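Read-outs: derived from the displayed coordinates by stated rules, not from any lab. Remember, it's a predicted structure, so these values are computed and weren't measured experimentally. Glycine also receives a Cβ, built like all others from the backbone with ideal geometry; neighbour counts cover every protein chain displayed.
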Number of protein chains: 2
Amino acid sequence: MELVTRALAGNRYALARLISLIENDGPDAHAALQAVYPHTGRAHIVGITGAPGTGKSTLVNELAKHWRSRQITVGIVAVDPTSPFSGGALLGDRVRMHDLAGDPGVFIRSMATRGSLGGLARATGDVVKVLDAAGFAVVLVETVGAGQAEVDIARAAHTVVLVEAPGLGDEVQALKAGLLEIADVLVVNKADRPGAAQTALALEMAVGRYAANPGERTEGLWQPPILQTVALNGTGVAEVLEAIERHRLYLQTTGLWAERERARVRAELLNVLQQEALRHILTRIGEQHLHRLIERIVARELDPCSAAYSLLSELLHERGLK
Amino acid sequence: MELVTRALAGNRYALARLISLIENDGPDAHAALQAVYPHTGRAHIVGITGAPGTGKSTLVNELAKHWRSRQITVGIVAVDPTSPFSGGALLGDRVRMHDLAGDPGVFIRSMATRGSLGGLARATGDVVKVLDAAGFAVVLVETVGAGQAEVDIARAAHTVVLVEAPGLGDEVQALKAGLLEIADVLVVNKADRPGAAQTALALEMAVGRYAANPGERTEGLWQPPILQTVALNGTGVAEVLEAIERHRLYLQTTGLWAERERARVRAELLNVLQQEALRHILTRIGEQHLHRLIERIVARELDPCSAAYSLLSELLHERGLK
C-alpha cells in the first residue's frame, strides 16, 4: 500500500491521511492496518491520565519538549476532550502548544469522541499503532481519568502516569476510579498551590495501602514514585521523565514488558472480535428484523437479553430468519 | 421467581439482593431480568451528568428531597466514582446524604467500575430497570460527564441534566465532550461563586449556536433552559425540578417519549448482542486457541483485526477449530 509506505518513510502528510483512513474505518482500513502492524512494537507507549483541571496537557507538552531535547521523537494522541491538543484549548494553551508545532520529531493527533461499544478504544489503539510503526520512540496517550473507556485506554499503555492536583476536592477520586491501581508514576502537578503536600501524602498513604496488601498488586517490585511538578514552568518535569524511563527499563529487565503487551493484545482482540461479531450479526439479520425486535421489546413482550439470545441461536443454528 | 416478587412488592432487602444478583451476572440473572422486564416502562429516567467538582451529587440529593416532599418516590443510581452516593464521600457529603437515609421512598445504588466492553452500561441499565419495576417514579442516574461510556449512559435517560460550575476552567468542555448536544436542562451550580454569569452566558451562546443550526438538533421545539443553583443551600433546586417535569410533559405530549425509548432499547440490544456474541465465541474457541492467537499477534505474525476476521469466519462456517 503506497500510502503506508510513504507514511512510514516519514511523510507527515501521508501519515495524517493514513491515520484518517484507519480512523474512518472504511474499506481500506483493514488492509492499511495489516500493512502497518508488522512494523509496530518498538514504541514506548505512555498513558497520561487525570481529572480535568490537573494540568496534564501542560505536563504532556513539557514532557514532549524534554524528550525532544534528547533527540527522541514523540507522538501524542489526545483522547481527552478537554485537552488543548484535541482542540479545546483556551488561548494560553494554544500558545504553549506552539512550542511543539513545526517540529518534525513530534506528531499530535486528537481522537474524536466516538460511538460507544468499544469504538474509541479501538480507534485509539490503531492510531498508536500507526505512530509506533512510523518510528516515534515514545507515544503519549492523554486521557481524562474519569470514564471507564478512557481508563481502559490508559491501562493499555506500557507505563501509566496519573496526574493529580491539589484543591480539586476529593482526594480518593483516583483511588475510587480504579486509577491508582494502574498507575506506575504518580504526579502531583500545580505543586506550588496550597495543599500539594497533603495531596502527595494522601497518595502515599493510598499507595502504601496497596503495598501492605500484596494480593492487589502483582507487580510488587515497582514502587510507583510520587513526584511533584509545576508543569507550567517546567519544575520537576525532568524527574517525571526519568521515572518513566526507569519504568521502561524495569519492564524490560523483568519481562513484564512482554506481559503487558500480551494483556493489551488480548483486550484488543476481544474488543475487535465483539465489534466485528456485532457487525456481522447486523448484516445478517437486516434492519427490518432488528426493527421488529425493538418494537417487541418496547412493547415489553420480550426483554433485551432474551431477544439477544434468541437472535444468536437463530444465527448459529442456521435456521434462517422469519 | 420469589425474590423478584418480594422485591417488586416493596421489600428493600429483597430489592438489594435482586440488584446484586443481576449485577453479578450469575446464572439466575437472566431469569430475574425476564421476570422484571414486563413491569418496567413507568419511571421517568433522569440522567444527571457533569465534571467532577460541579456539585452534581449535592444537586441530586436536593432534587431527591424535593420530589420526596411531593410524595414522589426516587431511585438513585450513582455511576460516578466521585459521587458520595457511590461511597467516595468526604465526611460532609456523608452527613448530607443522611437526609435521605431511612426514607423508604428512596433507594440508592452505586455501580462498581466494571470491565470494559459495555459492561458498565449494561449493568446500569439493568439496575435502572429493577428500580423502575419496583415502582420508583423517578430514577436519577448520576454519571461523571467526562467519559465516553458514562456519556452514553446519560444519553439513555429520558431527560438529561448537565451540571456546570463556574471557575473549573475550560467552559467549552461540555461542548467538546458532546454533552451539550444531549442536554435537556442546563444547570450552573455553585452560582454564588464568581464567574457564574459568564458560565451561564457561555452556555447560552453555545446553545444558541445549536438553535441557529437546526440540522444539529432534531427535537427543535424544546429549548434547554439554563438555570442557576446553589445546591448546597437549596437555591434554585425547585426550578430545576420544574424544568425536569416540564421536559417529561414535553416528551409525552410530542411522542418523543416513545422515540427516546426506542433509541434506548436499540442501543441496549446492540450492546447485549455484542457481549453475548463475544461470550459465545470465547466458549466455542476455548482458552488455548485464544492464547495461541494472542502469541501470534504479539509476534507480529498476524494483526488483531485479521485474527478476529479469521476466527469469526471459522466459527460461522463450522469448519471446526484446529
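Take the Cα gyration tensor of region B:1-82, multiply each eigenvalue by 5, square-root it, and list the three semi-axes largest first, rounded to whole angstrom. Could you put the intermediate results ahead of the total?
Working: eigenvalues 149, 56, 24 Å².
Working through the eigenvalues yields semi-axes of 27, 17, 11 Å.
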Amide H neighbours of B:VAL144 at under 5 Å, excluding residues fewer than 5 places away on the same chain, with H built from the backbone geometry, are B:ASP80
Give the cross-link partners of B:LYS65 among the aspartates and glutamates, using a straight C-alpha distance below 18 Å as the criterion and excluding same-chain residues fewer than 8 apart. B:ASP93, B:ASP99, B:ASP103, B:GLU142, B:GLU239, B:GLU242, B:GLU245
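Ranked by Cβ crowding within 10 angstrom, fewest neighbours first, how are B:THR199, A:THR40, A:THR229 ordered?
On the way: B:THR199 23, A:THR40 17, A:THR229 27.
The order, fewest Cβ neighbours first, is A:THR40, B:THR199, A:THR229.
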Ranked on Cβ counts within 10 Å of their own Cβ, fewest leading, B:GLU142, A:GLU204, B:GLU23 go A:GLU204, B:GLU23, B:GLU142
FRET E, pair B:GLU204, A:HIS291, Förster distance 45 Å, beta-carbon r, rounded to 0.05: 0.75
Cross-link pairs A:LYS190/B:LYS190; B:LYS129/B:LYS190; A:LYS56/A:LYS129 - those with Cα-Cα distance over 26 Å: B:LYS129/B:LYS190
Inter-chain shielding metric for B:290-297, i.e. average beta-carbon neighbours from other chains within 10 angstrom, reads 4
What is the Cα centroid distance between region A:27-49 and region B:125-167, reported in whole angstrom? 35
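Starting from region B:30-79, pick out the trypsin sites (Lys or Arg not before Pro) whose DSSP state is loop and whose Cβ has at most 12 other Cβ atoms within 10 Å.
Values: sites: B:ARG42, B:LYS56, B:LYS65, B:ARG68, B:ARG70; in loops: B:ARG42, B:ARG70.
Filter output for region B:30-79: B:ARG42, B:ARG70.
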Can you give the direction-averaged projected area of the convex hull of the alpha-carbon atoms in region A:222-291, in nm²? 8.5
If the chain between A:GLU242 and A:LEU282 were fully stretched, how many nm would it gain, using 0.36 nm times the residue separation less the Cα-Cα distance? 9.5 nm
Let me confirm one metric for peptide B:48-55, namely the mean number of other chain beta-carbon atoms within 10 Å of its residues' beta-carbons. 3
With each label point set 7 Å from Cα along the Cα-Cβ vector, what nm distance links B:TRP222 and B:ALA299? 5.5
Debye sum, Cα scatterers, region B:255-322, no solvent: what log₁₀ I/I(0) at q = 0.15, 0.22, 0.24 1/Å? -0.61, -0.95, -1.06
Pseudo-label separations to other copies for A:TRP222 - Cα-to-Cβ vector, 7 Å, nm: 4.6
